[in-house]
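The block underneath contains the structure these notes are about, expressed in structure tokens.
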Amino acid sequence: MIESLLVANRGEIARRIIRTAKRLGVRAIAVHSEVDADLPFVAEADEAVCVGPANPAQSYRNVEAILDAAKSTGAQAIHPGYGFLSENADFARTVESSGLVWVGPGADAIAAMGDKINARNLMAAAGVPVAPGTTEPAAGLAAATAAAAEIGYPVMVKAAAGGGGMGMGVATDEAALGTEYDKVRAFAERMFGDGSVLIERYFPRVRHVEVQILGLADGRVVAIGERECSVQRRNQKLVEESPSPAVDPQLRERFLAAAVRAGEAVNYRNAGTVECLLDPATNEFFFLEMNTRLQVEHPVTELVYGIDLVAEQLRVASGLAPTFDPAALTPRGHAIELRINAEDPKRFIPGPGAISAWTEPVGEGVRVDSGYVAGNTVTQFYDSLMAKLIVSGADRAEAIERARAAVAAFEVAGPKCNLPFFAELLENPEFISGDYDTALITRMR
């Protein structure tokens, strides 16, 4: 096992990684921006280094500062968490060329999956189902229009270099396509430095289901169950659960087999996620993208399968065998994660601020991965996620009941908070039934 780990991230995910590292006897080193100096993850690390001002480009995305911190503290390995530099192939290469251990997939796999068109083509060649769409960037509106006519409206216009639900638009006809194409291309150039756009079939009623994979040190790729991620606003997730209420044993077998093929196609190592769209009318599913990192929603898989995924990540990076038997993975019970964000519960607009009160729920089947405590300030510089409330039970009904009680007991004062939305969702008949799709929040609002 590696002996020292620098966590190149912040907030709840840094705190969560540090917790497992310390449990394993690994020295945990935090990096932080100036405005994050008082957050819990900094205090809980064995050592902490300030890497710059609030602007992420000057701190959490500052490769030189992070590598200097690793060198000055004698760190042996770097865990990037999610976001920031976690899916930056150049950073992964730089870490390894500096003689450090990269806790994540190889740079080649990150690069291969980072371009959505290249990823689609690789998956199709590997026998993973992909939705009808372009096999190369749409070079101008004329090419996009021709592709959409062949695919059939409605279509999804997507930034080829995008991810995390960003850089996407839906066009129902040719006029809308012109508007969405220009909008997505401009956004992609501004956010990703790459204006490439792909056109793909859009499914009006669809579920978002993903599979957790782990590429082991011996070269095998293991699929560790699926997660339902269809409760979304603006194509970004708010609630995840495992197992998916839409997936029966036969469909699960197909999902897991496809995810393993996807990982094997890029010689995948460490933790990753194969995201798919599921047509509930036909049980057909299509590859959406591969996230070459640990996911925000990884705790629901941990609770259902009894696995600490961060510990497994560290074992893979250390060249060690997993703690579990890949041939005997069986889901037990049900888990639901709610993303507690500093945002308005009606319009989901961020509302940062100083936290005057913070009381986390406790009880059987309740877990909270939080990044803040009372007295901290949620600033405008970073994502609005404050904590993840994860509940588990013997079945979905018990998990929902525990979630209701936990939401009622969770007190946050100061910033805006979306807890009232979750109280509403957990009483929603469509959600309770398990028969919902990605448009659920739209229908609620």
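The values are calculated or read from the model by the stated rules, or taken from the named source; none is laboratory data. Here the structure is a predicted model, which means the values were calculated and not measured. Backbone-built Cβ (ideal geometry, glycine too); neighbour counts: all protein chains shown.
Assorted remarks:
So that you can scan it fast, the table gives a plain yes or no per residue for (1) of a type outside the set (Ser, Thr, Tyr); (2) without any contact (Cβ under 8 Å) to a residue 60 or more places away in the chain:
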site: VAL366; (1), (2): yes, yes
site: GLY375; (1), (2): yes, no
site: SER384; (1), (2): no, yes
site: ALA397; (1), (2): yes, yes
site: ARG402; (1), (2): yes, yes
site: GLU411; (1), (2): yes, yes
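- The range 355-367: number of residues that are among the β-branched types (Val, Ile, Thr), surrounded by 16 or more Cβ atoms within 10 Å (Cβ to Cβ) and either part of a strand (DSSP E or B) or touching a strand residue (DSSP E or B) at 6+ places or on another chain (Cβ under 6 Å) (or both): 1
- The lone criterion from (1) closer than 30 Å to ASP218 by Cβ; (2) surrounded by 18 or more Cβ atoms within 10 Å (Cβ to Cβ) left unmet by LEU320 is number (2).
- Scanning the range 6-26 for residues that are in a loop (DSSP other than H, G, I, E, B) and of a type in the set (A, V, I, L, M) yields ALA8, LEU24, VAL26.
- When restricted to residues that are surrounded by fewer than 17 Cβ atoms within 10 Å (Cβ to Cβ) and either of a type in the set (Asp, Glu) or in a loop (DSSP other than H, G, I, E, B) (or both), the range 27-46 contains 5.
- Candidates ALA408, ALA387, ALA403: the one that is at pLDDT 95 or above, of a type in the set (Gly, Ala, Ser) and farther than 24 Å from GLY165 by Cβ is ALA408.
- Any chance LYS22 is charged (D, E, K, R) and in contact with a helix residue (DSSP H, G or I) (Cβ under 9 Å, 6 or more places away or on another chain): yes
- Positions within the range 82-99 being more than 30 Å from ILE199 (Cα to Cα) and either buried (at least 24 other Cβ atoms within 10 Å of the Cβ) or in contact (Cβ under 8 Å) with a residue 60 or more places away in the chain (or both), in sequence order: VAL95
- Only listed residue being over 24 Å from ARG293 (Cβ atoms), in the same structural domain as VAL247 (by TED's automatic domain parsing) and in contact (Cβ under 8 Å) with a residue 24 or more places away in the chain, chosen from THR379, THR359: THR359
- Residue list for the range 378-404, filter: farther than 23 Å from ASN428 by Cβ and either of a type in the set (Asp, Glu) or surrounded by fewer than 17 Cβ atoms within 10 Å (Cβ to Cβ) (or both): THR379, GLN380, PHE381, ASP383
- Elements of type helices (runs of 4 or more DSSP H) contained in the range 65-174, each with 2 or more residues being among the hydroxyl-bearing types (Ser, Thr, Tyr) and within 21 Å of PHE287 (Cα to Cα): none
- Filter result (of a type in the set (A, V, I, L, M, F, W, C) and without any contact (Cβ under 8 Å) to a residue 24 or more places away in the chain) within the range 413-445: ALA423, MET444
- Taken over the range 122-149, the criterion of being loosely packed, with under 15 Cβ neighbours inside 10 Å, at pLDDT below 95 and not small (Gly, Ala, Ser) is satisfied by PRO132, THR135, GLU136.
- Within the range 246-268, residues that are of a type in the set (Asp, Glu) sit with their Cβ atoms under 7 Å from residues that are outside any helix (DSSP H, G or I), at 6+ positions apart or across chains, in these pairs: GLU264/VAL221.
- Residues in the range 328-354 that are among the β-branched types (Val, Ile, Thr) and out of contact with any strand residue (DSSP E or B) (no Cβ under 7 Å at 6 or more places or on another chain): THR330 alone.
- Some residue of the range 214-227 being within 16 Å of LEU426 (Cα to Cα) and assigned by TED's automatic domain parsing to the domain that holds ILE400: no
- Filtered residue count, the range 368-390, keeping only those that are over 18 Å from the mean Cα position of the chain (by Cα) and outside any loop (DSSP other than H, G, I, E, B): 2
- Looking only at the range 172-215, and only at residues there that are within 30 Å of GLU312 (Cα to Cα) and of a type in the set (A, V, I, L, M, F, W, C), the one that is surrounded by the most Cβ atoms within 10 Å (Cβ to Cβ): VAL211
- Residue check, VAL316 touching a helix residue (DSSP H, G or I) at 6+ places or on another chain (Cβ under 9 Å) and at pLDDT 95 or above: no
- Residue tally, condition aromatic (Phe, Trp, Tyr) and under 23 Å from the mean Cα position of the chain (by Cα), over the range 398-424: 2
- Test for VAL274: is it buried (at least 23 other Cβ atoms within 10 Å of the Cβ) and at pLDDT 95 or above: yes
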